[in-house]
Amino acid sequence: MTRMPALYLSHGAPPLADDEVWTRQLADWSAAMPRPESILVVSAHWEEAPLTLGATSTIPLVYDFWGFPEHYYQVKYPAPGAPALAAEVRRLLGDVHDDPDRGLDHGAYVPLVEMYPGADVPTLQISMPTLDPVALFEIGRKLAPLRDQGTLIIGSGFTTHNLRLADFTNSKPVPGWSIEFDDWIRQAVASRDVDAILDFLDKAPAARIAHPRTEHFAPLFVALGSSADTLEQERSVIDGFWYGLAKRSFQFD
């Protein structure tokens, strides 16, 4: 079985579906990869300790956003549950909890609608039990064997995420703090500087402006950890900015 890559992607918000460039980038990305047997998603929008497994059957989505037009709340993504994957996660991680009523949130389904529109790949979402980079990196390391079983591991966040400073009119130049942080993480990933990435709050320029709270950067550590011992190649697949926020996304092979 082909080893699947691990991804860190910027997932946008529900209006991503209206962005012709970004939706095509996501679709082309998935088309260029082997088809996964299952998908494991760690989203910025689910923090719960201890680590918790979401639904292993097809249940309604979690529309965890407010103030958008009604049609965004009508999106469906009835992906099959992944009970076998859940069992493997339990085996690899040990003490985990289950929340059978917790469906996929928008950090999971918004990009998956574009990448696997048939909603036909068994998908499991797990929570982030902490935002500590080292702890999340170690969780990724423990989950790494799943990649050899055909599981695509996705950390879903946003490379820069300061909604208070985002330009939702899209009329201003991209802010310097977003450009600086985006360029720093591009270089850090390219040089495999894991220590600097884990210490990004002290090493990256404008880190505390780019991430006033770090939940949207944290999924990167799981994806990075799951590739740490087997990394053959890493690359930035998507770049650019959306309302001034960096949408850079990485693939770790």
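Every number here is computed from the coordinates shown, using simple stated rules; none is lab data. Remember, it's a predicted structure, so these values are computed and weren't measured experimentally. Virtual Cβ from ideal backbone geometry, glycine too; neighbours counted across all protein chains shown.
Provide Rg and Dmax in Å for the chain, with only Cα atoms included in the calculation.
In Å, with Rg to one decimal and Dmax whole: 16.8, 50.
In which sequence would Val134, Val62, Val194 go, from the one with the fewest C-beta neighbours within 10 Å to the one with the most? Display every interim value, and only then the final one.
On the way: Val134 12, Val62 21, Val194 17.
Ordered by Cβ neighbours within 10 Å, fewest first: Val134, Val194, Val62.
I'd like the distance between the alpha-carbon centres of segment 114-139 and segment 188-249, rounded to an integer number of Å.
Using only Cα atoms to place each centre, the spacing works out to 15 Å.
I need the trypsin sites (Lys or Arg not before Pro) found in segment 176-253, filtered to DSSP loop residues with at most 15 other beta carbons within 10 Å of theirs.
Loop-located and lightly packed - Arg192, Arg213.
Can you tell me what share of the DSSP beta bridges in segment 6-252 is antiparallel? A percent to the nearest 5 is fine. Please report the intermediate quantities before stating the final value.
Details: 10 of 28 bridges.
Just about 35 percent of them are antiparallel.
If amide H atoms are built 1.01 Å from N in the plane of the peptide, which residues on other chains or at least 5 residues away come under 5 Å of the amide H of Val237?
Ser249, Phe250, Gln251
Taking GluC sites (Glu not before Pro) as candidate sites, keep only those in a DSSP loop with at most 15 other Cβ atoms within 10 Å, then name the longest stretch of the chain containing none of them.
Excluding the exposed sites themselves, the longest stretch runs over 49-231.
Hey, what number do you get for the chain at 222 nm if only DSSP H runs of n ≥ 4 count, each worth -39500 (n - 2.57), divided across all residues, to the nearest 500?
On the way: 9 runs with 79 residues, N = 253.
Calculated mean residue ellipticity at 222 nm is -8500 deg cm²/dmol.
Which order do Met1, Met33 fall in if you start with the one that has the fewest other Cβ atoms within 10 Å?
Working: Met1 9, Met33 16.
Starting with the residue having the fewest Cβ neighbours, the order is Met1, Met33.
In what sequence do Tyr77, Tyr8 fall when counting other Cβ within 10 Å, fewest first?
On the way: Tyr77 19, Tyr8 29.
Arranged by neighbour count, lowest to highest, Tyr77, Tyr8 become Tyr77, Tyr8.
So what's the net charge close to Pro50: Lys and Arg +1, Asp and Glu -1, counting the other residues with Cβ under 15 Å from its Cβ? Each step should come with its number before you reach the end.
Values: positive: Arg90, Arg102, Lys142; negative: Glu47, Glu48, Asp95, Asp98, Asp99, Asp132, Glu138.
Net charge around Pro50: -4.
Given an 8 Å cut-off on Cα distances and at least 6 residues of separation, report the relative contact order of the chain as a percent. Display every interim value, and only then the final one.
Numbers: 540 pairs, mean separation 79.6, N = 253.
Relative contact order comes out at 31 percent.
What are the trypsin sites (Lys or Arg not before Pro) within segment 52-121 that DSSP puts in a loop, where the Cβ has at most 13 other Cβ atoms within 10 Å?
Details: sites: Lys76, Arg90, Arg91, Arg102; in loops: Lys76, Arg102.
Qualifying residues, ordered by number: Lys76.
If the elastic network links every pair of Cα atoms under 10 Å, which of Ala144, Ala17, Ala32 fluctuates the most in the Gaussian network model of the chain?
Ala32
Name the residue farthest towards the positive end of the dipole of the chain from the options Pro205, Phe65, Gly54, assuming +1 on Cβ of Lys and Arg, -1 on Cβ of Asp and Glu, about the Cα centre.
Looking along the dipole axis, the top candidate is Pro205.
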